[in-house]
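Q: Quick one: this structure, given as structure tokens, is what I'll be asking you about.
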Protein chains: 2
Amino acid sequence: MDDRAYIAQRPKRADGQRNYDAILAAARKAFEASGSDASLEEIASQAGVAIGTLYRHFPTRASLVEATTRDGLENLVAQAGRLAADRDPLDALTEWMREAVVHFSTFRGLVGILTQSMYDEGTPSHAMCAAMHRSGADLLRAAQTAGCVRADLTPDELFDLMGAAAWVREQATSGRDGSPRLLRLMLEGITTRPVLPV
Amino acid sequence: MDDRAYIAQRPKRADGQRNYDAILAAARKAFEASGSDASLEEIASQAGVAIGTLYRHFPTRASLVEATTRDGLENLVAQAGRLAADRDPLDALTEWMREAVVHFSTFRGLVGILTQSMYDEGTPSHAMCAAMHRSGADLLRAAQTAGCVRADLTPDELFDLMGAAAWVREQATSGRDGSPRLLRLMLEGITTRPVLPV
DNA sequence: TTGACAACCTGAGGATCCCTCAGTTTGAAT
DNA sequence: ATTCAAACTGAGGGATCCTCAGGTTGTCAA
């Protein structure tokens, strides 16, 4: 609800802030290299910080993973607003889905954690996920009102589709990434008219 | 290729066979309770066997996971043959997909490992996975020849869809399992006529 | 029945990672 | 300069992984 909640919980002292940022940067690198189960001790070490400091800032692994993606989720919410204003409803929805899927599969394991957060209150980024859920729901409703998307599709189902596509993308070893094609198939399944070519 | 490869690699001595079976049974129970990352030492202990014995029979975690699902995969291959004989092509394909998705999500983490095996030769159950891949491809081709399914769908894409649905099912915490609905949406996306009601 | 041996089993142990917490250091407000 | 809450440190107990040197046992042939 209140985005400030995140900012407020960031450390106040200068050294705390510095370490917080260093840990986050190291975590991004590590997660992208090894997935969401990268070694936390290695991350702390790369950040030039003792393990205890990492745990001080991020009491759970999920909280660290989620912190690394907070910016991306915020972008997604903002982008939803822009797309809704600039494009026709179906374009806005499909483009947003594409971007969301890419973000959800930034590294291995992320989409699972985000899906968890989305439906489990009490996780650190639940509020952010819920906001994003609302963004998606808004875009969906607009497309449905315009008659472009089948009326019986629920927001939860939309996110199931997106999560599924992200999972496929995440699985993609070098070479075949089936997610764009998968997304197209899904879109053709949920729209009431052919999807425009890429 | 040769199914005997699996049987031949099973232990020959009576005590070995006994332990092999006990480990497999314990593993099934543990994986269903805790997912594919259950503790191997706990599994060995439950099987009444030292940890070294577990590693003797199953040198990697993946080999153990795959062994627990070998029967299921064999069933799936056999079932494909039956369905192809008994039903019209679209029914056969959709029913098979439903069963496969259920099997792929027997426990948390399975679908990821199977997907890996399917495209990575050198994994213990690659041959079995490849056989299943062929079964699915056959059913797909039949449905396409009959004009029920869009001609441009490839077998790999079919398995992407199934894997995605299985992942959604695997994520499902108590309550909402979106996979049946997801599968229906997918089917409506890939068929050339409406899917029959459940 | 009895070697003989390959197959099998055991479990200690080094390595890694998790997470906590008692003690120490330090930024910043007064 | 003083004070103290915030922040940091890193040793350490617990869990799990996986290996390997050495002991046990099933099986087969004589």
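The values are calculated or read from the model by the stated rules, or taken from the named source; none is laboratory data. Everything quoted here is computed from the prediction, not taken from an experiment. No Cβ is skipped: glycine too gets one built from the backbone with ideal geometry, and neighbour counts run over all protein chains shown. For the accessible areas, the whole protein counts, side chains as well, though only heavy atoms, and no ligand, DNA or RNA atoms are used. Shrake-Rupley method; radii C 1.70, N 1.55, O 1.52, S 1.80 Å.
Q: If you scan segment A:34-59, which residues turn out to be in contact (Cβ under 8 Å) with a residue 40 or more places away in the chain and more than 15 Å from DNA strand D (Cβ to nearest atom)?
A: A:35, A:36
Q: Of the residues B:12, B:29, only one is more than 12 Å from DNA strand D (Cβ to nearest atom) and either at pLDDT 95 or above or of a type outside the set (A, V, I, L, M, F, W, C) (or both); which?
A: B:29
Q: Just to be sure, is residue B:180 surrounded by fewer than 18 Cβ atoms within 10 Å (Cβ to Cβ), at pLDDT below 95 and closer than 17 Å to residue A:161 by Cβ?
A: yes
Q: While we're on this one: For segment A:159-191, what are the residues that are facing chain B (nearest Cβ under 10 Å), outside any helix (DSSP H, G or I) and among the polar types (S, T, N, Q)?
A: The answer is A:173, A:191.
Q: Have a look at A:162, A:118 and point out the one that is among the aliphatic types (A, V, I, L, M) and open to solvent by 10 Å² or more (accessible area, probe 1.4 Å).
A: Exactly one of A:162, A:118 is among the aliphatic types (A, V, I, L, M) and open to solvent by 10 Å² or more (accessible area, probe 1.4 Å), namely A:118.
Q: Output the helices (runs of 4 or more DSSP H) that fall wholly within segment A:21-113 and possess 1 or more residues being away from DNA strand C (no atom under 16 Å from the Cβ) and open to solvent by 20 Å² or more (accessible area, probe 1.4 Å), or say none.
A: A:61-86, A:89-104
Q: Please determine, by comparing only the residues of segment A:89-107 that are charged (D, E, K, R) and touching a residue at least 60 places away in the same chain (Cβ under 8 Å), which one is farthest from residue A:18 (Cα to Cα).
A: So the residue we want is A:91.
Q: Residues being open to solvent by 20 Å² or more (accessible area, probe 1.4 Å) and within 12 Å of residue B:73 (Cα to Cα): count how many of those fall in segment B:121-130.
A: 3
Q: Let me ask something additional. Filter segment A:129-158 for residues that are over 21 Å from the mean Cα position of the chain (by Cα) and part of a helix (DSSP H, G or I) and give the result.
A: Within segment A:129-158, A:142, A:143, A:144, A:145 qualify.
Q: Within segment B:61-88, work out how many residues are touching a residue at least 40 places away in the same chain (Cβ under 8 Å) and within 16 Å of DNA strand D (Cβ to nearest atom).
A: Going through segment B:61-88 one residue at a time, the tally reaches 7.
Q: Shifting gears a bit: Show the residue pairs that are 6+ apart or on different chains and have beta-carbon atoms under 7 Å apart, the first residue being within segment A:163-187 and of a type in the set (Asp, Glu), the second being open to solvent by less than 50 Å² (accessible area, probe 1.4 Å).
A: These pairs meet every condition: A:170/A:105; A:170/A:111.
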